[in-house]
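What follows is a short report on a single structure.
The values are calculated or read from the model by the stated rules, or taken from the named source; none is laboratory data. If you're wondering where the values come from, they're calculated on a predicted model, not measured in any experiment. Because the Cβ atoms are built from the backbone with ideal geometry, glycine has one as well, and the counts that use them run over all protein chains shown.
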2 protein chains.
Amino acid sequence: MKELAERIIAEGIDLGGGILKVDSFLNHQVDPILLFHCGKALAGYFYQHAPTKILTAEISGIAPALMAGLELGIPVVYARKHKPITMANGVFLATAPSHTKGGEITLMVSGDFLKPNDRVLVIDDFLASGETIVALARLVKAARATLIGFGAVIEKAFEGGREKLKPWGVPVFALSRILSMDSGKITVEES
Amino acid sequence: MKELAERIIAEGIDLGGGILKVDSFLNHQVDPILLFHCGKALAGYFYQHAPTKILTAEISGIAPALMAGLELGIPVVYARKHKPITMANGVFLATAPSHTKGGEITLMVSGDFLKPNDRVLVIDDFLASGETIVALARLVKAARATLIGFGAVIEKAFEGGREKLKPWGVPVFALSRILSMDSGKITVEES
């Protein structure tokens, strides 16, 4: 996706340690029109697999998931990291280590919104180590729903997350792939 | 907004203590098409005030803010509640008590994304006590940007938040107003 790759090159900041800051259009400030295009592209790729629901993780996954859901006309569920008092029992849990926050996060989804007849597309902002996305896939499995694919806005290809997703046997699609970040120079491959 | 009022009546759950659970379309599972319509309605109301940026708070404010931003063609900034390692110095802070989580929350916005020449529309999912929205307004003020209005998807009119927003002297618009929640019966006024 050319528009996205250009924004990453123009505005992405390599913070070192493999961390890419894209706070100006994806993670703190969001460009709704760019994200609308990202959602359209993700929806177009996965449409043939007939998803009935999108699962993402709060917080930064919400924008691309919502825009893909808008295009596909299906609900978006965001797994929560902090249990709100409105969340009752019957909750699926999965844990993942967090690289940008440190420690471990627990993802929670109410059993009301993931059912065995759902065909679930997992979407997140980043595919990096793959840990968060695998945790989302585990939630799908715990609900005995059908996983149909993994979508991401930006893949950090050098972190090997794609390998971790292989055993799930579903398509993986990222809108742009960062091949390397060396001394501040970011190399992006369009999808 | 008729479509929204109908969903609140059909799916909203009165948890007692003034807490309304709308997890099936707004707060955990999101209906992107409903939110697209909410965003269009908010955008239509505030368009005349020429906003250049939308400010909301993570997490549940993101969906309506993003959809209003899509319609207006302007960026959306979400104030963070937990400082990510990608957030550098030059951050504006404001605190607010949290009724659904307990304790106090701190909202943070990078100074990179709120500037004195910005005309800021504050949007959140709920206008309840008004504390979170006032905290967002304080962030706008701290950045010496211009506040142009307050928008919400659902107002809990019986919590008096609208009164707290009056001193700011800008329009307040909610897409639906809950007049009362008594013994599980929810009374909604359309906007």
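What to note about this one:
- Filtering segment B:135-173 to residues that are part of a helix (DSSP H, G or I) and surrounded by 20 or more Cβ atoms within 10 Å (Cβ to Cβ) leaves B:ALA135, B:LEU136, B:ALA137, B:LEU139, B:VAL140, B:GLY161, B:LEU165.
- Counted residues, segment A:109-134 - those being surrounded by fewer than 24 Cβ atoms within 10 Å (Cβ to Cβ), within 18 Å of A:LEU66 (Cα to Cα) and touching a Lys or Arg at 6+ places or on another chain (Cβ under 6 Å): 1
- Considering segment B:1-58, and only residues there that are of a type in the set (Val, Ile, Thr) and part of a strand (DSSP E or B), the residue that is nearest to A:PHE92 (Cα to Cα) turns out to be B:VAL30.
- Output for segment B:100-119, where each listed residue is over 17 Å from A:GLN29 (Cβ atoms) and at the interface with chain A (Cβ under 9 Å from one of its Cβ atoms): B:THR100, B:LYS101, B:GLY102
- Of everything in segment B:68-104 that is more than 15 Å from the chain's Cα centre (by Cα) and among the β-branched types (Val, Ile, Thr), the residue that is modelled with the highest pLDDT is B:ILE74.
- Condition broken by A:LYS2, with the remaining ones in (1) away from chain B (no Cβ under 12 Å); (2) of a type in the set (Lys, Arg); (3) crowded, with 19+ Cβ neighbours inside 10 Å satisfied: (3)
- Candidate set from segment A:55-95 (those that are out of contact with any strand residue (DSSP E or B) (no Cβ under 8 Å at 6 or more places or on another chain) and more than 21 Å from B:GLY17 (Cβ to Cβ)); member that is nearest to the other protein chains (Cβ to nearest Cβ): A:LEU70
Yes/no per residue for (1) in contact with a Phe, Trp or Tyr (Cβ under 7 Å, 6 or more places away or on another chain); (2) crowded, with 16+ Cβ neighbours inside 10 Å; (3) free of Cβ contacts under 8 Å to residues at least 40 places away in the same chain:
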| site | (1), (2), (3) |
| --- | --- |
| B:ARG7 | yes, yes, yes |
| B:GLU11 | yes, no, yes |
| B:VAL22 | no, yes, no |
| B:PRO32 | no, yes, yes |
| B:PHE36 | no, yes, yes |
| B:TYR47 | no, no, yes |
| B:TYR78 | no, yes, yes |
| B:ASN89 | no, no, yes |
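- Selection from segment A:26-54 of residues that are under 19 Å from A:MET181 (Cα atoms) and within 10 Å of chain B (Cβ to nearest Cβ): A:ASN27
- Members of segment B:12-25 found to be within 7 Å of chain A (Cβ to nearest Cβ) and in contact with a Leu (Cβ under 7 Å, 6 or more places away or on another chain), listed by number: B:LYS21
- Selection of segment A:134-166 for residues being within 22 Å of A:GLY73 (Cα to Cα) and within 12 Å of the chain's Cα centre (by Cα) yields A:LEU136, A:ALA137, A:GLY149, A:PHE150, A:GLY151, A:ALA152, A:VAL153.
- Within segment B:49-76, if we keep just the residues that are under 18 Å from A:LEU34 (Cβ atoms) and hydroxyl-bearing (Ser, Thr, Tyr), the residue that is surrounded by the most Cβ atoms within 10 Å (Cβ to Cβ) turns out to be B:THR56.
- Residues of segment A:141-161 satisfying the condition of being in contact with a strand residue (DSSP E or B) (Cβ under 9 Å, 6 or more places away or on another chain), farther than 22 Å from A:ILE9 by Cα and of a type in the set (D, E, K, R): A:LYS141
- Matching residues, segment B:59-91, being among the hydrophobic types (A, V, I, L, M, F, W, C), within 20 Å of B:GLY130 (Cβ to Cβ) and in a loop (DSSP other than H, G, I, E, B): B:ILE59
- Answer from B:ASP125, B:ASP182 - the residue that is of a type in the set (Asp, Glu) and out of contact with any Leu (no Cβ under 8 Å at 6 or more places or on another chain): B:ASP182
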